[in-house]
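Working notes, structure below.
Just so it is clear, none of the values below were taken in a lab; they were calculated from the coordinates. All values derive from a computational prediction rather than experimental measurement. Positions of Cβ are backbone-derived with ideal geometry, glycine not excepted, and every protein chain shown enters the neighbour counts.
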Amino acid sequence: MNLHEYQGKEILNSFGVEIQRGILAHTAEEAVTAAKKLTGDTGTVWHMIKAQVHAGGRGKGGGVKLAKSLEEVRDIAGQIIGMNLITPQTSAKGKKVHQVLVAEDVYYPGDSEPEEYYMSVLLNRASGRNMIMYSTEGGMDIEAVAEETPHLIFTEKIDPTVGLLPFQARRIAFNLGLSGKAFGEMVKFVIALYTAYVKSDSSLIEINPVLKTSDDRVIAVDAKVTLDDNALFRHKDYEAMRDIREENPIEVEAKAVGLNYVDLDGNVGCMVNGAGLAMATMDLIKQAGGEPANFLDVGGTADAERVEAAFNLILKDPNVKAILINIFGGIVRCDRVAQGIIDAYKNMGNINVPIIVRLQGTNADIAKDLIDNSGLDVQSAIEFQEAADKVQAVLA
């Protein structure tokens with residue numbers, strides 16, 4: 001589950017990670033009130049106005065701006081709230097901004113220059129260990145840093161059985177070129193950040209930038225936090241942070257009816273039982289010259305109600321030119337699935353795209369007879385290649 005920046009910072013701060021202070025605002029007037037709460041009534045203190053959407057690159061799209069007075073806070077917040085923010089991580093339509101974070105300016109003058117670093121905590125699946133990735137090149141696209149100057153990216157692998165050891169946190173601070181007070185502050189920051197990652201059951205924490213201020217504080221200026229959905233039962237307070245306005249509405253609807261659905265960009269809708277078979281089916285569609293329009297796992301039951309819900313989800317995508325139903329009947333009998341498809345088809349009335357049904361497993365022969373004799377515009381198949389050939393034919 002993705003979080004907004006302000007939510008991610010709240011979680012980090014609860015584990016002792018120092019953050020850039022900020023207050024959420026939904027209107028321009030709320031933004032001014034928030035600015036006054038942060039720094040008082042003076043109009044000479046600067047603030048950052050940051051759009052709160054689930055997308056990176058907000059600054060490139062005009063979603064992060066510096067306000068040098070309370071009047072600018074009002075004007076900039078008014079411009080950002082309600083806009084469709086387009087970034088490299090959104091669609092061409094962008095995402096509507098419903099709220100902004102009014103944050104304190106932490107780039108203040110002092111005895112030394114502020115410095116920006118990149119830091120993230122995630123699972124390294126190849127090694128089976130958690131990993132802290134970090135770089136001196138903060139505030140930049142880490143992908144560009146990895147491509148152009150890979151020697152400036154460091155990693156620290158962490159054995160999950162013992163956790164982050166003190167010498168590893170010190171090594172990170174040393175590799176970032178820190179000394180004195182800033183060195184100690186970075187060590188504390190890294191330890192608190194890793195603690196937050198583990199105890200919040202996050203799958204990713206990314207901070208770009210981590211800032212060393214001019215007075216040698218180390219703080220998180222930004223925060224991208226992704227929580228493990230499978231662990232949300234342990235964190236009911238985190239689960240309440242879900243903002244469905246930021247999620248794909250079809251995926252939200254699918255979750256509400258208990259279906260595993262992921263929206264894709266193709267032209268062939270998929271209805272499958274089992275994640276492994278779903279992946280194989282998507283490969284089958286590509287080999288047939290099509291592109292999968294979705295990942296949809298209906299699970300172990302495929303009665304008429306569930307199949308009808310799946311049909312409705314798939315047909316919400318106007319790009320779907322055909323639907324491939326690929327069910328292996330192990331626990332669930334193929335003839336029951338076939339009857340569910342027939343009943344759902346009749347309940348929905350006319351479906352304007354071709355449907356290919358491959359049912360294999362228990363009572364597959366009975367299921368094929370049911371489909372073939374249903375009088376509906378549904379094509380049946382038994383073998384994988386037969387289904388692929390029929391998909392290819394309807395797309396031609």
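Would you work out if the range 249-395 is rounded, prolate or oblate? Take a ≥ b ≥ c from the square roots of the eigenvalues of the alpha-carbon gyration tensor; rounded if a/c is under 1.5, else prolate when a/b is larger than b/c, oblate otherwise.
Since a/c stays below 1.5, the shape of the range 249-395 is classed as rounded.
Dividing the convex hull volume of the alpha carbon atoms of the range 21-104 by its residue count, what do you get in Å³ per residue?
About 69 Å³ per residue, rounded to a whole number.
Considering only Cα-Cα distances, which of the following residue pairs are longer than 27 Å: LYS60/LYS316; LYS95/LYS390; LYS95/LYS224?
Details: LYS60/LYS316 32 Å; LYS95/LYS390 38 Å; LYS95/LYS224 17 Å.
As for pairs spanning more than 27 Å Cα to Cα, those are LYS60/LYS316; LYS95/LYS390.
What base-10 log of the normalised intensity I(q)/I(0) is obtained for the chain from the Debye formula, alpha carbons as equal point scatterers, at q = 0.11, 0.15 Å⁻¹?
Each listed q maps to, in turn, -0.90, -1.23.
Taking a ≥ b ≥ c as the square roots of the eigenvalues of the Cα gyration tensor of the range 127-201, is the shape rounded (a/c under 1.5), prolate (a/b larger than b/c) or oblate?
In terms of gyration-tensor shape, oblate.
Going highest first, how would you order 117-130, 70-83 by mean Cβ packing within 10 Å?
70-83, 117-130
As an exercise, identify the GluC sites (Glu not before Pro) in the range 217-314 lying in DSSP coil whose Cβ has no more than 15 other Cβ atoms within 10 Å.
GLU247
Under unit Cβ charges (Lys, Arg +1; Asp, Glu -1), what dipole magnitude, rounded to 20 debye, does the range 1-107 have relative to its Cα centre? It would help to have the intermediate numbers written out before the result.
Working: 13 positive and 11 negative charges, 89 e Å.
Roughly 420 debye, rounded to the nearest 20.
So, with +1 on the Cβ of K and R and -1 on the Cβ of D and E, and no other charges, what is the size of the charge dipole of the range 99-165 about its Cα centre, to the nearest 20 debye? Walk me through the intermediate numbers first.
Details: 3 positive and 13 negative charges, 130 e Å.
For the range 99-165, the charge dipole is close to 620 debye.
Counting other beta carbons within 10 Å of each Cβ, put THR87, THR195, THR161 in order, fewest first.
Least crowded to most crowded, the residues run THR161, THR195, THR87.
Quick check for me: using +1 on Lys/Arg Cβ and -1 on Asp/Glu Cβ, what's the dipole size of the range 175-248 about its Cα centre, in debye to the nearest 20?
Charge dipole, the range 175-248, about its Cα centre: 300 debye, nearest 20.
If you plug each phi of the range 5-10 into the Karplus form 6.51 cos²θ - 1.76 cosθ + 1.60 with θ = phi - 60°, what whole-Hz ³J(HN,Hα) values come out, in order, with x for Gly and Pro?
With coefficients 6.51, -1.76 and 1.60, one gets 4, 5, 6, x, 5, 4 Hz.
Where the centroid of each part is defined by its Cα atoms, how far is the range 194-258 from the range 301-341 in Å?
What the calculation gives is 33 Å, centre to centre.
Lys and Arg at +1, Asp and Glu at -1: add these up for the other residues within a Cβ distance under 15 Å of ASP265 and post the number.
0
Can you list which of the GluC sites (Glu not before Pro) found in the range 84-183 are DSSP loop residues with at most 12 other C-beta atoms within 10 Å? Don't skip to the answer; put the middle values down first.
Details: sites: GLU104, GLU115, GLU116, GLU137, GLU143, GLU147, GLU148, GLU156; in loops: GLU137.
Hits after loop and neighbour filter: nothing returned.
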